[in-house]
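The values are calculated or read from the model by the stated rules, or taken from the named source; none is laboratory data. Quick caveat: nothing in here was measured; it's all calculated off a predicted structure. Note that we place each Cβ from the backbone using ideal geometry, even for glycine, and neighbour counts take in every protein chain shown.
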Amino acid sequence: MFLSSFFENPERIDRWVSIAKTSFWPLLKGALTFSLSLSLVAFVIGLVIAIFTALARISGNNVLSGIARIYVSIIRGTPLLVQLFIIFFGLPSIGITIDPFPSAVIGFSLNVGAYASEVVRAAILSIPKGQWEAGYSIGMTYRQALIRIILPQAARVSVPPLSNSYIGLVKDTSLAAAILVPEMFRKAQEIAAATYEPLLVYSEAALIYWVICFVLSVIQDRIENRLDRYVA
């Protein structure tokens, strides 16, 4: 019923085409300038946090292990949106004011760090103990064996789940619109409010998200295939 009435209204069609043309670049610009950059920066920082958290979890130091466990538990047990609100809207109440983009980077980095730490920890633990013993047998210290033998192998094991985490992070950047980061979804909200055509604008944004994630999936497959060449 809706489709028949829609296609019988050439003025509505022309309006949609016009809005789609004028909104595409602002949406794409928001994706390239903020969504992708936010996801990339947050993922890199989060990955560093994840490595240190994972090493703390598997260390024999009860204090470090306990702190890491509490951090992971808090981040995994609370919604990402709530975490962003605490950083952006909550901290100013105690005199700490952070701009929208840095707030989003902090929130997403902490979130990535907690989830990715479990991936890294599992990857490290999946390496046979014989690899450690091989490093010790040639005179390596714990640190040398970890850096030169264990982490390179764990990195290959971690690629598929970490790649999926990054693709998920790209989509999650839409939550940054709630703290005024002008990424793609925020732009879509502004355009939808101005044009009164939310179905068109949000569908256009969804299409751009899908294309970006599809490209990232293709890149992920190629990386995995390349790494598989080194598997015995």
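Listed here are the residues, each with its yes/no results for (1) loosely packed, with under 14 Cβ neighbours inside 10 Å; (2) among the hydrophobic types (A, V, I, L, M, F, W, C).
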{"residue": "LEU38", "(1), (2)": "no, yes"}
{"residue": "TYR71", "(1), (2)": "no, no"}
{"residue": "THR78", "(1), (2)": "yes, no"}
{"residue": "LEU91", "(1), (2)": "no, yes"}
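Taking region 11-26 as the range and being loosely packed, with under 13 Cβ neighbours inside 10 Å and either among the basic types (Lys, Arg) or touching a Pro at 6+ places or on another chain (Cβ under 6 Å) (or both) as the test, only LYS21 passes.
So which residues in region 19-33 are over 22 Å from PHE101 (Cα atoms) and hydrophobic (A, V, I, L, M, F, W, C), if there are any at all? It would help to see each step written out before you state the result.
Going residue by residue through region 19-33, those that are over 22 Å from PHE101 (Cα atoms) are 19-24.
Residues satisfying the conditions are ILE19, ALA20, PHE24.
Of all the criteria given as (1) of a type outside the set (Asp, Glu); (2) modelled with pLDDT of 95 or more; (3) assigned to a helix (DSSP H, G or I), the one not satisfied by THR78 is (3).
Quick check, is PHE43 part of a helix (DSSP H, G or I) and either on the phi > 0 side of the Ramachandran plot or under 19 Å from the mean Cα position of the chain (by Cα) (or both)?
Details: part of a helix (DSSP H, G or I): yes; either on the phi > 0 side of the Ramachandran plot or under 19 Å from the mean Cα position of the chain (by Cα) (or both): yes.
Yes: the conditions hold for PHE43.
For region 192-209, the tally of residues that are over 22 Å from the mean Cα position of the chain (by Cα), part of a helix (DSSP H, G or I) and surrounded by 13 or more Cβ atoms within 10 Å (Cβ to Cβ) stands at 5. Among the residues of region 17-53, those that are touching a residue at least 12 places away in the same chain (Cβ under 8 Å), closer than 20 Å to ALA116 by Cα and small (Gly, Ala, Ser) comprise SER35, SER39, ALA42, GLY46, ALA50.
Please verify whether ALA104 is hydrophobic (A, V, I, L, M, F, W, C), closer than 30 Å to ILE75 by Cα and in contact (Cβ under 8 Å) with a residue 60 or more places away in the chain, treating the condition exactly as stated. The answer is yes for ALA104. The residue list ASP221, ASP172 contains one member that is surrounded by 17 or more Cβ atoms within 10 Å (Cβ to Cβ) and either at positive phi or of a type in the set (Asp, Glu) (or both), which is ASP172.
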